[in-house]
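Structure first, then comments.
The values are calculated or read from the model by the stated rules, or taken from the named source; none is laboratory data. Worth saying up front: this structure is predicted, and the values here are computed from it rather than measured. Because the Cβ atoms are built from the backbone with ideal geometry, glycine has one as well, and the counts that use them run over all protein chains shown.
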């Protein structure tokens, strides 16, 4: 399967031609390592549960963009795969509005989607109340990992407020160390920004921003930017913008930085380089979340297809929603299962702690999907660009320019009726 998946990626990247799909394929970009192990484990569960409707994976290693390009070509040609790896929220809306996705309401009711998945997650698997995808997992992106040896060496108390975090950074920097690792690109600074944003607007305000009801020139958004500047941007390690996210993790491993707010895939990276969870590294919820957890999600959606492809897709979706499928996938992926009924013995010490914080957040209706996927595509992309720009130059002039740019896009998107009330 790995070899075949690589061939699929090459046929699009090198020849410029579309990759062929058949009725038994799920397209994904989990191209290697623990991610590929995760999807292979899920497919094994699906094919064991439903041997009469086998499904195989084809991967586009590390390339969401290439998968989307090939998917659009296959949809236009009437030869889509049975299912594919999907993002949440607005991406689903785009395909659903074009009439290219199957309504999975009967399956959703069959496996109890409104019972087994967190409420905040359900909101972004549906478009206008209709479910179109099954979530596989929840990666927390609002936790701060830290080097335990350095925290103990420097006598740092785990921060519980923004003031605590700033004070800790000042102590760390006075000792000649970097406080906060970060990485370049439109996502990583944005993920950090969500915490000051939630502190300023609250959980409902977060969704209001996603649906276009809250303006970017509001006092609350300005407060969020100011808090982000003082708490995060001023304390990033030098030269962070030229680093990939694993290089940011390397700063923590090597002791060049103490803290790193990153998705919990970072935990898998730390383990891969030999660190022991809860012994060499740990995490704490970023101050300011008020008990909320922001999540990034992997999901499976299914295009309109033939009876054969639909049967294969249904078998995969049933497995993907089941505790068995969720356990198989998340044990390798290092994320928390989206189905809250999944046994917790699949998690290491970090996973158990992450699960517990998510359950506490769910009890308060505060599991929040990545804002990027709530916004119209152009606005979401520009939000990431502008927050990274502000992180690199957190001046008053840049703040005003960021606000003006985003607000103009919000007004334009609102005039075009592009927003969704999640």
query: Can you tell me which residues in region 164-196 are farther than 16 Å from residue 228 by Cβ, outside any loop (DSSP other than H, G, I, E, B) and either in contact with a helix residue (DSSP H, G or I) (Cβ under 8 Å, 6 or more places away or on another chain) or modelled with pLDDT under 95 (or both)?
result: 171, 172, 173, 178
- prompt: Taking region 252-270 as the search range and keeping residues that are over 20 Å from the mean Cα position of the chain (by Cα) and farther than 21 Å from residue 160 by Cα, which one is surrounded by the fewest Cβ atoms within 10 Å (Cβ to Cβ)?
  reply: 254
query: Given the conditions (1) more than 30 Å from residue 83 (Cα to Cα); (2) modelled with pLDDT under 95; (3) in a helix (DSSP H, G or I), and given that residue 267 satisfies all but one, which numbered condition is not satisfied?
result: (1)
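Taking the condition of being surrounded by 15 or more Cβ atoms within 10 Å (Cβ to Cβ) and under 23 Å from residue 93 (Cβ atoms), how many residues in region 397-422 meet it?
The first filter runs over region 397-422 and keeps only residues surrounded by 15 or more Cβ atoms within 10 Å (Cβ to Cβ), leaving 398-399, 401-403, 405-407, 409-410, 413-414, 418-420, 422.
Now drop any that are not under 23 Å from residue 93 (Cβ atoms), which leaves 406-407, 409-410, 413-414, 418-420, 422.
Total meeting the criteria: 10.
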message: Tell me whether region 389-396 contains one or more residues that are buried (at least 20 other Cβ atoms within 10 Å of the Cβ) and farther than 22 Å from residue 134 by Cα.
response: yes
query: If we scan region 209-222, do we find a residue that is modelled with pLDDT of 95 or more, in a helix (DSSP H, G or I) and touching a strand residue (DSSP E or B) at 6+ places or on another chain (Cβ under 7 Å)?
result: no
message: Could you list, ordered by first residue, the pairs with Cβ atoms under 6 Å in which the first is in region 306-323 and in the same structural domain as residue 112 (by TED's automatic domain parsing) and touching a residue at least 24 places away in the same chain (Cβ under 8 Å) and the second is buried (at least 24 other Cβ atoms within 10 Å of the Cβ) and in a helix (DSSP H, G or I), at least 6 apart or interchain?
response: 315/46; 316/46; 319/46; 319/325
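Residue by residue through region 83-117, note down the ones that are under 21 Å from the mean Cα position of the chain (by Cα) and part of a loop (DSSP other than H, G, I, E, B). So that I can check it myself, show each step before the final result.
Taking region 83-117 as the starting set, the residues that turn out to be under 21 Å from the mean Cα position of the chain (by Cα) are 83-96, 113-114, 116-117.
Residues satisfying the conditions are 87, 88, 89, 117.
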query: Name the residues in region 42-82 that are farther than 24 Å from residue 131 by Cβ and assigned to a helix (DSSP H, G or I), would you?
result: 44, 48, 65, 66, 69, 70, 73, 76, 77
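Taking residue 245 as the residue in question, decide whether it is within 21 Å of the chain's Cα centre (by Cα), in the same structural domain as residue 146 (by TED's automatic domain parsing) and modelled with pLDDT under 95.
Details: within 21 Å of the chain's Cα centre (by Cα): yes; in the same structural domain as residue 146 (by TED's automatic domain parsing): yes; modelled with pLDDT under 95: no.
No: the conditions fail for residue 245.
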field: Breaking point among (1) touching a strand residue (DSSP E or B) at 6+ places or on another chain (Cβ under 7 Å); (2) at pLDDT 95 or above; (3) more than 30 Å from residue 270 (Cβ to Cβ), for residue 112
entry: (1)
task: State the number of residues belonging to region 93-111 that are in contact with a helix residue (DSSP H, G or I) (Cβ under 6 Å, 6 or more places away or on another chain) and under 14 Å from residue 76 (Cα atoms).
output: 2
message: Taking the criterion of being modelled with pLDDT of 50 or more and touching a helix residue (DSSP H, G or I) at 6+ places or on another chain (Cβ under 7 Å), would at least one residue in region 5-20 satisfy it?
response: yes
- prompt: Which residue, of 418, 383, is within 16 Å of the chain's Cα centre (by Cα) and at pLDDT 95 or above?
  reply: 383
task: State whether one or more residues within region 315-326 are surrounded by 22 or more Cβ atoms within 10 Å (Cβ to Cβ), at pLDDT below 95 and either closer than 29 Å to residue 146 by Cβ or within 20 Å of the chain's Cα centre (by Cα) (or both).
output: no
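Here's the yes/no breakdown for (1) out of contact with any helix residue (DSSP H, G or I) (no Cβ under 7 Å at 6 or more places or on another chain); (2) closer than 24 Å to residue 383 by Cβ; (3) touching a residue at least 40 places away in the same chain (Cβ under 8 Å):
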| position | (1), (2), (3) |
| --- | --- |
| 227 | no, yes, yes |
| 255 | no, no, yes |
| 267 | no, no, yes |
| 275 | no, no, no |
- request: Check off (1) in contact with a strand residue (DSSP E or B) (Cβ under 7 Å, 6 or more places away or on another chain); (2) touching a residue at least 40 places away in the same chain (Cβ under 8 Å); (3) closer than 25 Å to residue 294 by Cβ for residue 127 and give me the number that stays unchecked.
  value: (1)
task: Mind listing whichever residues of region 180-189 are touching a strand residue (DSSP E or B) at 6+ places or on another chain (Cβ under 7 Å) and either surrounded by fewer than 24 Cβ atoms within 10 Å (Cβ to Cβ) or within 10 Å of residue 243 (Cα to Cα) (or both)?
output: 181, 182
